[in-house]
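*Asks:* If you scroll down you'll find the structure; I have some questions about it.
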Amino acid sequence: MTAQTTLPTGEDLLAEINRLRKEKNAVILAHYYQTPDIQDLADFVGDSLQLSQMAAETDADVIAFCGVKFMADTAKILSPEKIVVLPDMDAGCSLEDSCPPEKFKAFREKHPDHIALTYINCSTEVKALSDVIVTSSSAETILEQIPKDQKIIFGPDRHLGGYLSRKFDREMLLWPGVCIVHEAFSETELLKLKEQHPGAPIAAHPECPPTIVDHADYVGSTSGILQFAETFEGDTLIVATEPHIIHQMEKALPSKTFIGAPGADGNCSCNICPYMALNTMEKLYTCLRDLEPRIEIEEGLRLKAKRSLDRMLEMASGTIGHGDLGKVAFTAD
């Protein structure tokens with residue numbers, strides 16, 4: 001190997017990341033689904049939108065987002081003056097992939113009397129085509145503010161949309177996307193696990209299919225599941241979302257036991273997000289060193305996407321830890 005391609009390892013790698021973090025005035029963000037080594041060195045660990053907001057409030061010049069591309073895009077939308085890098089630009093999302101902008105645009109044009117509530121797990125282009133972006137924690141608050149007679153398109157996650165539709169008795173046109181991680185959970189294996197731990201509650205992300213959600217004692221976002229882990233009675237919790245979130249639970253609550261819900265093969269291996277796994281310590285080092293790969297968004301597109309994000313913050317800011325601004329009247333453009 002040449003000196004140019006040789007990467008530091010072990011403690012040297014960690015030291016180099018910390019050196020570059022200071023040298024580049026960078027903030028490192030890690031989603032809950034990242035591996036424990038990345039979570040432990042990050043400046044902030046959290047949900048995707050919460051992380052982007054935290055980074056925007058810092059004086060950092062560089063945001064290194066250890067997550068997937070739509071998350072890094074959101075950070076750039078909120079912090080256009082900062083350099084935003086992603087350790088691996090191939091770290092995508094099955095939900096984003098399921099909703100190509102040109103097809104979503106055509107779908108909207110077929111239903112002009114509908115507004116589009118769109119899950120944040122989508123591309124910048126789809127955000128720009130949407131009326132209001134929602135997160136798994138803000139969706140319920142936003143839906144409650146929309147008049148009952150207003151027709152709604154919900155995408156790209158049909159499971160989250162279906163969960164909201166059932167809970168609020170609201171008919172919505174659902175885009176047929178799914179998260180490959182949450183789709184992999186097995187009802188049969190979950191019930192077997194429940195038999196082995198009869199007193200253990202189940203916490204599930206609403207991206208899970210109904211066969212999983214219907215057995216859950218708590219349904220909520222990743223941050224909501226973490227809060228539930230702190231308050232549930234008992235000493236064992238079954239967790240139906242990407243299993244790397246359990247690292248934060250075990251750090252905060254070492255006396256409790258957390259069990260990842262199984263996939264169809266009876267274990268959790270198929271429920272590790274393959275896109276999140278593309279980010280590694282070595283790639284984090286090189287992206288800080290080279291400030292590449294870099295997120296770039298055309299300004300007109302950024303502003304259109306930001307509008308739908310701003311509407312979410314106006315309608316449900318209290319759900320993401322920034323103080324409730326109160327409910328606002330909704331009018332479709």
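No value in this document is a laboratory result; all are computed from the given coordinates. If you're wondering where the values come from, they're calculated on a predicted model, not measured in any experiment. Heads up, the Cβs are rebuilt from the backbone with ideal geometry, glycines too, and the neighbour counts pull from every protein chain shown.
*Asks:* Roughly speaking, what is the stretch gain from A277 to D59, that is 0.36 nm per residue apart minus the C-alpha to C-alpha distance, in nm to one decimal?
*Replies:* Between A277 and D59, full extension yields an extra 75.6 nm.
*Asks:* Enumerate the lysines that K110 could reach by cross-link, defined here as Cα to Cα under 23 Å, with residues fewer than 8 away along the same chain left out.
*Replies:* List returned: K127, K148, K151, K304.
*Asks:* Taking 8 Å as the Cα distance limit and 6 or more residues as the minimum spacing, I'd like the relative contact order of the chain as a percentage.
*Replies:* Normalised by residue count, the contact order of the chain is 22 percent.
*Asks:* Distance check, please: which entries in K167/K306; K76/K167; K69/K192 exceed 30 angstrom between their Cα atoms?
*Replies:* Violating the 30 Å limit, Cα to Cα: K76/K167; K69/K192.
*Asks:* For semi-axes √(5λ) of the Cα gyration tensor in Å, the choices are [x] 30, 27, 17; [y] 39, 25, 22; [z] 31, 23, 22; which was calculated from the structure?
*Replies:* Recomputing semi-axes √(5λ) of the Cα gyration tensor in Å here gives the entry labelled [x].
*Asks:* Can you work out the PRE-style zone for R289? Point 7 Å along Cα to Cβ, and I want the residues of region 62-94 with backbone N under 16 Å.
*Replies:* From region 62-94, the list is 86-88.
*Asks:* Given charges of +1 on the Cβ of Lys and Arg and -1 on the Cβ of Asp and Glu, with all other atoms neutral, how large is the dipole of region 1-109 about its Cα centre, in debye to the nearest 20?
*Replies:* Numbers: 10 positive and 19 negative charges, 59 e Å.
Computed about the Cα centre, the dipole is about 280 debye.
*Asks:* Which percentage, to the nearest 5, of the DSSP beta bridges contained in the chain is antiparallel?
*Replies:* Taking every DSSP beta bridge with both residues in the chain, the antiparallel ones total about 5 percent.
*Asks:* Still on this structure: Relative contact order for region 12-149: what percent, with Cα pairs under 8 Å and sequence separation of 6 or more?
*Replies:* Taking the mean separation of contacting Cα pairs over the length of region 12-149, I get 16 percent.
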